[in-house]
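The values are calculated or read from the model by the stated rules, or taken from the named source; none is laboratory data. The structure displayed is predicted, hence computed values, not measured ones. Using ideal geometry, Cβ is built from the backbone for each residue, glycine included, and neighbour counts are taken over all protein chains shown. When the accessible area is computed, the model is the full protein with side chains, heavy atoms only, and any ligands, DNA or RNA have been set aside. Shrake-Rupley method; radii C 1.70, N 1.55, O 1.52, S 1.80 Å.
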Amino acid sequence: MKKIEVKTESKSYEVLIGQNVFSQFVQDFNKPDFKILVVCDKNVYRLHRTRIDDLLNSKENFYFYSFNSTERNKNLKNTELIYKHLFKNNFSRKDAIVALGGGIVGDVAGFVAATYMRGISFYQVPTTLLSMVDSSVGGKTGVNFIEIKNLIGAFYQPEKVYADLNFLETLSPKEIISGAGEIFKYAFLADEENYLLIRNKLAKLLSEKKFDENLIARCIKLKAAVVENDEKELSGLRKVLNLGHTFAHAFESALKFQIKHGEAVIAGIFASLIVSEKLDIISKSDFQKYVSDFLFLPVNKKILNSDTDSVIEFMKSDKKTSDRKIKLVLASKPGNMLIDVFVDERLVKKSLKELFEIFRTV
Ligand SMILES: NC(=O)c1ccc[n+]([C@@H]2O[C@H](COP(=O)([O-])OP(=O)(O)OC[C@H]3O[C@@H](n4cnc5c(N)ncnc54)[C@H](O)[C@@H]3O)[C@@H](O)[C@H]2O)c1
């Protein structure tokens, strides 16, 4: 088992990573003198019912709320139902909420925890690869509003995160790829050694379908280092976590969310590397190396159906930009990131064309 300490301005907490870490969770809450609401993904409950029932039945002070984790259910209506559940069961500020599921459950339950009675304790038990390597750490919580993702939210750090690798065994291949997309970005967040390590471990994960706690721990450490220095995205450093994401969100919107977020991130990072090469931020030979190093990542060919003009339109209206100018996070080499780079839309269009040519050949 690995243990990582995350030290943010607002809170310090541990992230435990390993096989059967859930039993540590059960042990930690052996005799709580407070109530705990487990907010659970319905799929996770169906697939891991015995383990979850064992927990719920073992103690009186456990309460349960489940929902289908869809972006449609990541909304204020759902948070209202959870507030009512808490209130009906007399939850007070000394009680706690646990998110047991992927990023959707984590974001919704975290937002409820941040806002119910001005904040009650919050624990994360992430069950997808994406939520383990990314969303369960860092304190971003929130819901979608008027069709805009994560428009309403709060920064609210958990008390502890339990990343139990056993949950990952039931993930579909698509969900594994979705997590792989976020892992891809971590290759560029530190030095060459980290780049190689992430590249090799990610290739192994996809070919052998074995989840390596060292890889997951490495990603969490990288995310923690960024969050510790810019908890609330004030200095801009936290933006490095958005590598490939402006492209990715535009692909998702242009394709009406027919592809997984991580699949879009994979395409988005490749597209960002192409832009970097065109702007002479990276050399031709480095560019070719980075692309060939990561072309083992599965490509969703639906991306080829996206209309470049509408991708560009979505990029111009990205919520992180202003004045309809395209602004990107780019990497010049592993460990050297550039944020807020304004890029001409004609160059973006050329880059998309080149991306599609690469994707046609794989
Ligand atoms: N807060 C953050 O910092 C942050 C960062 C990245 C993404 N996000 C958010 O996270 C969400 C995406 O997270 P996600 O990809 O985990 O999505 P998710 O929670 O929807 O889970 C994806 C799918 O996997 C299923 N699932 C979950 N655990 C499973 C398991 N162990 N076995 C089998 N199936 C399982 C779910 O039922 C769902 O169908 C988005 O809403 C995104 O905005 C938040």
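Residue by residue, region 29-40 carries 3J(HN,Hα) couplings of 10, 4, 10, x, 9, 9, 8, 10, 9, 8, 9, 10 Hz when phi is fed to the Karplus relation 6.51 cos²θ - 1.76 cosθ + 1.60 (θ = phi - 60°); x denotes Gly or Pro.
Accessible area per residue for region 2-170, computed on protein heavy atoms with a 1.4 Å probe, is 45 Å².
Comparing mean-square fluctuations of Leu86, Leu151, Leu243 from a GNM of the chain with C-alpha springs under 10 Å, the top value falls on Leu151.
Count Lys and Arg as plus one, Asp and Glu as minus one, and take only other residues whose Cβ is under 10 Å from that of Asn89; the net charge is then +2. Centre-to-centre, using Cα atoms only, region 1-49 and region 298-320 are separated by 36 Å. Note on Lys11: aspartates and glutamates with a C-alpha under 14 Å away, same-chain residues under 8 apart excluded, are Glu159, Glu228, Asp230, Glu231. The convex hull of the Cα atoms of region 2-170, projected and averaged over all directions, covers 9.0 nm². Under 5 Å from the amide H of Phe145 lie the amide H atoms of Asn150, Leu151, Ile152, each residue being 5 or more positions distant or on a separate chain, with H modelled from the backbone and absent for Pro and chain starts.
Close amide H contacts of Leu37 (hydrogens built in the peptide plane, cut-off under 5 Å, sequence separation of 5 or more or a different chain): Tyr63, Ala96, Ile97, Val98. For region 160-170, 3J(HN,Hα) computed residue by residue from phi via the Karplus equation (6.51, -1.76, 1.60; θ = phi - 60°) reads 6, 10, 10, 9, 9, 4, 4, 4, 5, 4, 9 Hz, glycine and proline entered as x.
In the neighborhood of Lys185, defined by Cβ-to-Cβ distances under 13 Å, what is the net charge if each Lys or Arg adds +1 and each Asp or Glu adds -1? Every neighbour counted, the sum reads +3.
Pop the C-beta distance of Ser58 and Arg93 into the FRET formula with R0 = 30 Å and round what comes out to the nearest 0.05. Don't skip to the answer; put the middle values down first.
Values: r = 25 Å, r/R0 = 0.82.
According to the calculation, E is roughly 0.75.
Computed over the alpha-carbon pairs of the chain, the distance histogram in 10 Å steps reads 5, 25, 34, 24, 10, 2, 0 percent, short to long.
Within region 286-336, list the chymotrypsin sites (Phe, Trp or Tyr not before Pro) lying in a DSSP loop whose Cβ has at most 16 other Cβ atoms in a 10 Å radius. Answer by residue number: Phe296. Run down the aspartates and glutamates and flag those whose C-alpha is under 12 Å from the C-alpha of Lys160, throwing out any fewer than 8 positions away in its chain. Answer for Lys160, where 12 Å is the Cα cut-off: Glu5, Glu14, Asp28, listed by chain and number.
Stretched out fully, how many nm does the piece from Ser235 to Glu192 gain, at 0.36 nm a residue minus the Cα gap? Numbers along the way, then the final one.
Numbers: separation 43, 0.36 × 43 = 15.48 nm, distance 2.49 nm.
Extra length from Ser235 to Glu192 when fully extended: 13.0 nm.
Kirkwood hydrodynamic radius of region 194-286 from all distinct Cα pairs, in Å? Before the final figure, lay out the partial values.
Working: mean 1/r = 0.0658 Å⁻¹.
Hydrodynamic radius (Kirkwood, Cα only) of region 194-286 equals 15.2 Å.
Computed in the context of the full set of protein chains, the accessible area of the chain at 1.4 Å probe radius has 49% of its extent on carbon or sulfur. Values of log10 I(q)/I(0) for region 249-315 across q = 0.14, 0.19, 0.20, 0.24 Å⁻¹ run -0.44, -0.77, -0.83, -1.04, by the Debye formula with one identical scatterer at each alpha carbon and no solvent.
Restricting to region 2-170, what percent of DSSP beta bridges are antiparallel, rounded to 5? Show your work: numbers first, answer last.
Values: 11 of 35 bridges.
So the antiparallel bridges in region 2-170 amount to around 30 percent.
Per residue, the solvent-accessible area of region 173-361 (1.4 Å probe, heavy atoms of protein chains only, all protein chains present) comes to 44 Å².
Going by a ≥ b ≥ c, the root eigenvalues of the Cα gyration tensor, does region 173-361 fall in the rounded group (a/c under 1.5), the prolate group (a/b larger than b/c) or the oblate group?
Working: a/c = 1.44, a/b = 1.18, b/c = 1.21.
Rounded.
Counting only C-alpha contacts under 8 Å and six or more residues apart, can you give the relative contact order of region 240-362 as a whole percent? Mind showing how you got there, number by number?
Values: 167 pairs, mean separation 40.4, N = 123.
Over region 240-362, the number comes to 33 percent.
Students often check this: by mean Cβ neighbours within 10 Å, which of 131-137, 77-83 ranks highest, and how do the rest follow?
So the peptides 131-137, 77-83, ranked by packing, come out 131-137, 77-83.
Evaluating 6.51 cos²θ - 1.76 cosθ + 1.60 at θ = phi - 60° for every residue in region 257-268, the Karplus couplings come out as 6, 7, 10, 6, 3, x, 5, 5, 5, 4, 4, x Hz, glycine and proline recorded as x. Beta bridges from DSSP with both residues in the chain: antiparallel share about 40 percent, rounded to the nearest 5.
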